[in-house]
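Got a structure for you, written out below as structure tokens; questions coming shortly.
The values are calculated or read from the model by the stated rules, or taken from the named source; none is laboratory data. Quick caveat, the model's predicted, so the values are computed rather than measured. Here the Cβ positions follow ideal geometry from the backbone for every residue, glycine too, while neighbour counts run over all protein chains shown. All accessible areas refer to the heavy atoms of the entire protein, side chains included, with ligands and DNA or RNA removed. Shrake-Rupley method; radii C 1.70, N 1.55, O 1.52, S 1.80 Å.
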Amino acid sequence: MSITSSPSRTALSDARLLHDLEEVVERELNRHLRVFKEWMPHEYVPWGRGRDFDGPLGGEPWSPEQSPLTEVGRVSLVVNLLTEDNLPSYHHEIATLFGRDGAWGTWVHQWTAEEARHSIVLRDYLLASRAVDPAALERARMSHMRNGFVSDNGHSPLHTVAYVAFQELATRVSHRNTGHESGDPVCDRMLAQVANDENLHMVFYRNLLKAALELAPDQAMQAVAEVVTGFRMPGHGMPGFERAAARIALGGVYNLRIHHDDVLQPVLRHLRIMETAGLGPDGLRAQQQLGDHLDALTAQASRFDERRAALLARRAAAGGASEPRANGGGHDR
Ligand SMILES: [Fe+2]
Ligand SMILES: [Fe+2]
């Protein structure tokens, strides 16, 4: 396959796009397998802090003071774990769309196996370190998985590639910042390892999106614009998500500022999306919509920064717990 801009403006079918991108998937899969380093989730879990719980073993019931985690660390770890827990739904969505054969299928299964490690290590950490109420966590998992997850982008491989390029980076940033804010160096180390996997996933999909932009620039630009303007985190359906998201935003783990500066912009800049030339009318319109949306988001993020700073200042003045980080992000760039 040679990746060149289609001289005609005829839209490529999904089947044609998947076929034409398969060579890139194979190349990126091989690159991924070369750079991915095996790691063992059990090595990151502080088993020495663990002991039997109440129930059939007659151990000690859970109570909040048993763990050193900050409040935002607990809230964020639960959201991140429940998000990882819905892997069967994500697998279903991408296996249905990308297929289970050839290079696409090999990637789908490799990615799924790597992602499963994340819920394993997160749950083992939370239970061994008695960080959260284990019964509440289990009930939340049941409720969340019973609902399943239906992708906003299941209608289109291009939209899905664009979405996951941003979403993997969002997950990386969320895990990394959760570790920084957790108050436990053991948790921070574990989440740095998980975040490293998410970064490699982001690079895979970002490189695939780059190839799609060369293969079908107008279609890919429209997909990027629609995905960015309608972006929602995959955990949005979980119980208590809105309240948890507000806490996570205030705590500097994930908010509008971080979404704009640390997730959208790095991918868009790397792909030189706003400088893409040679677009047809549909691509140009999408590029303009994307630019307008980013301008609006910048303004919203500034208003959020001001509200957050004022709220944290009021809390500090009242002698309440202030957040350890006053700025909105910028970690680990
Ligand atoms: Fe993950
Ligand atoms: Fe991932």
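Ignoring ligands and nucleic acids, what accessible area does VAL78 show with a 1.4 Å probe (Å², nearest 10)?
VAL78 has an accessible surface of roughly 40 Å² with all protein chains in place.
For the stretch 161-265, run through the trypsin sites (Lys or Arg not before Pro) and keep only the ones in DSSP coil with at most 12 other Cβ atoms within 10 Å of their Cβ.
Of the trypsin sites (Lys or Arg not before Pro), the ones in loops of the stretch 161-265 whose Cβ has at most 12 other Cβ atoms within 10 Å are ARG232.
Sort out for me the Cα centre separation of the stretch 115-132 from the stretch 146-175, rounded to whole Å.
Each part reduced to its Cα centre gives a spacing of 22 Å.
Any chance you could get the radius of gyration and Dmax over the Cα atoms of the stretch 147-291, in Å?
That works out to 16.1, 52 Å for Rg and Dmax.
Name the residue farthest towards the positive end of the dipole of the chain from the options ASN199, HIS180, ALA316, assuming +1 on Cβ of Lys and Arg, -1 on Cβ of Asp and Glu, about the Cα centre.
ALA316
To check my understanding: the extent here is largest minus smallest coordinate of the Cα atoms along each principal axis. What are those three numbers for the chain, in Å, largest first?
Cα extents, longest axis first: 69, 47, 34 Å.
Additional query: Of all the accessible heavy-atom surface of the chain, with the other protein chains kept in place and a 1.4 Å probe, what percent is carbon and sulfur?
Roughly 54 percent of what the probe reaches on the chain is carbon or sulfur.
Quick one: putting +1 on the C-beta of Lys and Arg, -1 on the C-beta of Asp and Glu, what dipole do you get for the chain around its Cα centre, in Debye to the nearest 20?
Dipole about the Cα centre, nearest 20: 620 debye.
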